[in-house]
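The values are calculated or read from the model by the stated rules, or taken from the named source; none is laboratory data. No experiment lies behind these values; they were computed from the predicted model shown. Here Cβ is always computed from backbone atoms with ideal geometry, including for glycine, and neighbour counts include all displayed protein chains. When the accessible area is computed, the model is the full protein with side chains, heavy atoms only, and any ligands, DNA or RNA have been set aside. Shrake-Rupley method; radii C 1.70, N 1.55, O 1.52, S 1.80 Å.
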Amino acid sequence: MAQALGEDLVQPGELQDDSSSLGSDSELSGPGPYRQADRYGFIGGSSAEPGPGHPPADLIRQREMKWVEMTSHWEKTMSRRYKKVKMQCRKGIPSALRARCWPLLCGAHVCQQNSRDTYQELAEAPGDPQWMETISRDLHRQFPLHEMFVSPQGHGQQGLLQVLKAYTLYRPEQGYCQAQGPVAAVLLMYLPPEEAFWCLVQICEVYLPGYYGPHMEGVRLDAEVFTALLRRLLPRVHKHLQQAGVGPLLYLPEWFLCLFARSLPFPTVLRVWDAFLSEGVKVLFRVGLTLVRLALGTTEQRLACPGLLETLGALRAIPPTQLQEEVFMSQVHSVALSEQDLQREIKAQLVQLPASASGPPPRPQARLPGAQAIFEAQQLAGTWGATRPEVPRIVVQPPEEPRPPRRKPQTRGKTFHGLLTRSRAPRIESPARSHRGSTSSLDTRFRSHF
């Protein structure tokens, strides 16, 4: 199954003509001879100037200052003001600060601090020949029109080779999955190799556990969850997909495994990643549901796709104007899918999974729902060292034996003078006091009556 899903990411034309192996739709927008790179680094791309709906320069500067302030006091920000972090991620992290924010959001900076020499040792170690051959064959397929990855000997392809090799040595039981290539390539566009490696580790093990291993049990489970969400939120589209014979494994793995890096225009990919690193896998489900609705949401669209091939073609040919970052992301965040809804559906699908399925069972409990959960887990694990706040220790003690109630002394028929003299310790001479409760005043008062 893993091999089938991995090979599905490579179209037949890619094996014949490298020019058709594109990393994202943004690479299709310019002719080959045009060598000027756009603001994202794509040669001949159309993103040299901000598109419609792009925030003005003054607003970008304001957002940059907010992110600088938040990241300067990151522990305090995540402890007290995570809602502000989430809203700023939904608006889009400024490009100049993604290298600073992505490792903080996913917790990669903590992993790097706790394992300072690990990446260097992995990079210098020889890789498994089997994985090295497979990785080398895939290098030229990752964003071939991006200026970083044009040359086989350039720092982009060589850095990608080192990062992917390091992961196969770091997790030899998982090895290499072809979908890790575009994910690591996007990380390298903004981060040095070591930080990109630790971000890749967090994505594979914390955000999407069970996705990139040999059995891909996490993808299987999420495919069933996605189908159930389609049935509930888009019932007509779900019925059409069933009638056309289009199961989720025919289109969902490329979306989720690559984090939409090969399915959306690059500016929109970055916005999806900003939200994904903040809020977790819930964002991937929202994006997938939005794409299905844009492709097959109307009756006319479904009538134009009577069969399997036409339906798959519609899912892969959504007009770019509908995928523009601001418009598209506003629709993504309006999808009625909360974290509680997602967890409820995951539990329901776990019960229905066949017991005879090959490979290990999915472990959705190992997946953390975004930056806040990762931050809290790292805090509890003591990964902050001396700056980690002390967690109060709760000690449970057995209840004390109930004490008998104090009895009021019996004074009926007795004088206060007698009680005082019997209960008082041996008298010590002291200067006379004028307090009305003194012995002399009581003695004088009560002797007058007897």
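Structure above, values below:
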quantity	calculated
For ALA37, distant residues with modelled amide H under 5 Å away	GLY44
Karplus 3J(HN,Hα) series, Hz, for the stretch 98-114 with 6.51 cos²θ - 1.76 cosθ + 1.60 (x for Gly, Pro)	5, 4, 8, 8, 4, x, 5, 5, 8, x, 5, 5, 6, 4, 5, 5, 7
Computed label-point distance, nm, for sites LYS83 and LEU380 using a 7 Å Cα→Cβ extension	2.3
Stretch gain in nm, segment THR298-ARG39, where the contour uses 0.36 nm per residue and the Cα spacing is subtracted	89.7 nm
Residue-count net charge about GLN112 - beta-carbon cut-off 12 Å; Lys, Arg +1, Asp, Glu -1	-2
Dipole magnitude of the stretch 209-341, debye to nearest 20 (Cβ charges: Lys/Arg +1, Asp/Glu -1, about Cα centre)	360
Separation of the SER72 and ARG344 label points, Cα + 7 Å toward Cβ, nm	4.3
Summed residue charge, Cβ within 14 Å of LEU289's Cβ, Lys/Arg positive, Asp/Glu negative	+3
Cut-off under 5 Å, modelled amide H: who pairs with CYS258 long-range	none
Cα gyration tensor, the stretch 33-167 - rounded (a/c under 1.5), prolate or oblate	oblate
Net +/- balance of residues flanking HIS333 in space, Cβ distance below 13 Å, scoring K and R +1, D and E -1	+2
Centre separation in Å (Cα based) which lies between the stretch 99-164 and the stretch 300-321	36
Calculated FRET efficiency for the pair ALA57/ARG363, C-beta based, R₀ 41 Å, to 0.05	0.35
Backbone N under 17 Å from the ARG116 label point (7 Å along Cα→Cβ), restricted to the stretch 192-234	194-195
Solvent-accessible ranking of GLU326, GLU124, largest area first, probe 1.4 Å	GLU124, GLU326
Those residues of the stretch 209-234 whose amide nitrogen sits under 20 Å from the label point placed on ALA336, 7 Å along Cα→Cβ	225-234
